[in-house]
Amino acid sequence: MESTKQMENGVASIKEEGFLSRMALNDNKAGMEGLDRDKINKIIMETSKGSKFYENELKRDQQVNQRITKMMLQKARITEQQLKKAQAQVRSVEKSRDLSRVIVHVDMDAFYAAVEMRDCPELKDKPMAVGSTSMLSTSNYHARKYGVRAAMPGFIAKKLCPSLVIVPLNFDKYRAVSNEIREIFADYDPNFQPMSLDEAYLDFTDHLEQRQHWPESARTHHFRKKAEPSQEAVTEVRELSPVLFEDSPGSSPSPVGPEGVHAPAGDFEVFGTSVEEAVREMRFRIEQKTMLTASAGIAPNMMLAKVCSDKNKPNGQYRLPSTREAVMDFIQNLPVRKVCGIGKVSEKMLNALGISTCSHLGQQMALLSLLFSETAWHHFLEVSLGLGSTYIPRHEERKSMSTERFFNNFNSYLIV
DNA sequence: GCGGATCAC
DNA sequence: TATGGTGATCCGC
């Protein structure tokens, strides 16, 4: 489904079919819809050709191709016994499904770029990226329209978008903002797990239980006040927030439901007691405190929450209901590449077997048990069933995670 | 165990 | 001119 058309365009005289999957623009992330990928990839390839980097990538791609060839040879035989074993495992893993937790993944929108835009309003209208001529960390929406994105070298980005402004990294500033948002995270889950400066997993379960008994006053939050409060304070403040994307979906409109959720009437807003309201409240507080927006995903486990947080990015949220049906529906057409832990190489190997979505994964478990390691296979199995971790380790526990995982895996062997 | 590969940020 | 730096895990030796 990928690059044959591009190859015909003479982008490269490379025999290897999938080399572009390594080099080319990665549209796995948000904000890349509807741009001229062929043209962008052509520039990327032409600029890269002949460089040390290019040769190295070529070599590594050939190694992957060898792995695939080897794998295809093994594909030949599959025993009845292996098929039975696969089915037994599916049943035992299914029994471990836990839908009782509410896991949230939060992710700041274009974090570094958004911080720089906030602090330098002239940048708002310009295509801009944070990093250097060698490497960009992130870019704003305007730059993304040109194909400029994270992990792209700045000098290639300049070819794609000559007017691009590159702002150097300002880690102290990002750390300070990160501390601000982490204070808010802690109100919802004191054991939240930060993944980086701008991203975290939270377990909302306990918060939600308490929240049911909270009075409105505890769920009321104010808009940021200006130093000299004018009548237009609220709207003025809203304009301060950096506009990241033109087609931002925005927060899901607060449903005026049985809880009586109201649109903001004055300089404050009352949030309801549902998960969605709690997460909306958290994002509201982040925006009021930092003038930056965040996106969030709500799901019964970490793997799903992460995928969900990408769904309505930027400045949006998505909730996946905690039922087996909803989860399986959601998984059905989900590309395997979207799943945390499945990267470029795994994707390419799975594609070689005709597997591109999670439902394909489920259909091919017997085959995969023959071609992949026990741990990789087990991971694929969980993904195909929409399973993931429901336990978020606290900071201190992270170091002992390796033994933790060992025991979990070990136990699942014993069950079979 | 150790080095190489993969993955995520 | 020029394609990150780091930490974690897994795999095969």
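The values are calculated or read from the model by the stated rules, or taken from the named source; none is laboratory data. As the structure is a computational prediction, the values presented were derived from the model and not from experiment. Ideal geometry is used to build each Cβ from the backbone, glycine not excepted, and the neighbour counts take in all protein chains shown. To get the accessible areas, we keep the full protein, side chains included, count just its heavy atoms, and leave off ligands, DNA and RNA. Shrake-Rupley method; radii C 1.70, N 1.55, O 1.52, S 1.80 Å.
A compact table of results
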| quantity | calculated |
| --- | --- |
| Criterion: open to solvent by 10 Å² or more (accessible area, probe 1.4 Å) and either without any contact (Cβ under 8 Å) to a residue 24 or more places away in the chain or within 22 Å of the chain's Cα centre (by Cα) (or both) - qualifying residue of A:Pro168, A:Pro153 | A:Pro153 |
| In the range A:328-349, the residues that are more than 9 Å from DNA strand B (Cβ to nearest atom) and in contact with a helix residue (DSSP H, G or I) (Cβ under 6 Å, 6 or more places away or on another chain) | A:Ile331, A:Gln332, A:Leu334, A:Val336 |
| Scan of the range A:133-150 for residues that are away from DNA strand B (no atom under 16 Å from the Cβ) and over 22 Å from the mean Cα position of the chain (by Cα), ordered by number | A:Thr133 |
| Selection status of A:Glu116, surrounded by 15 or more Cβ atoms within 10 Å (Cβ to Cβ), among the acidic types (Asp, Glu) and not in a strand (DSSP E or B) | yes |
| Subset of the range A:352-373 (residues that are within 15 Å of DNA strand B (Cβ to nearest atom) and under 19 Å from A:Lys70 (Cα atoms)) | A:Ala352, A:Leu353, A:Ile355, A:Leu368, A:Leu371, A:Phe372, A:Ser373 |
| Residue ID - surrounded by the most Cβ atoms within 10 Å (Cβ to Cβ), chosen from residues in the range A:177-194 that are part of a loop (DSSP other than H, G, I, E, B) and touching a Lys or Arg at 6+ places or on another chain (Cβ under 9 Å) | A:Phe192 |
| Residues that are among the aromatic types (Phe, Trp, Tyr) and either away from DNA strand C (no atom under 12 Å from the Cβ) or free of Cβ contacts under 8 Å to residues at least 12 places away in the same chain (or both), drawn from the range A:333-390 | A:Phe372 |
| Flag for A:Tyr174 being within 28 Å of A:Asn41 (Cβ to Cβ), touching a residue at least 60 places away in the same chain (Cβ under 8 Å) and within 16 Å of DNA strand C (Cβ to nearest atom) | no |
| Residue that is most open to solvent (accessible area, probe 1.4 Å) [pool: residues in the range A:53-93 that are more than 16 Å from DNA strand C (Cβ to nearest atom) and at pLDDT 95 or above] | A:Gln62 |
| Filter result for A:Val327 (more than 16 Å from DNA strand C (Cβ to nearest atom) and within 30 Å of A:Met71 (Cβ to Cβ)) | yes |
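Residues checked against (1) of a type in the set (S, T, N, Q); (2) at pLDDT 95 or above:
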site	(1), (2)
A:Tyr174	no, yes
A:Ile181	no, yes
A:Ala186	no, yes
A:Asn191	yes, yes
A:Ser196	yes, yes
A:Glu199	no, yes
A:Phe204	no, yes
A:Ser217	yes, yes
A:Ala227	no, no
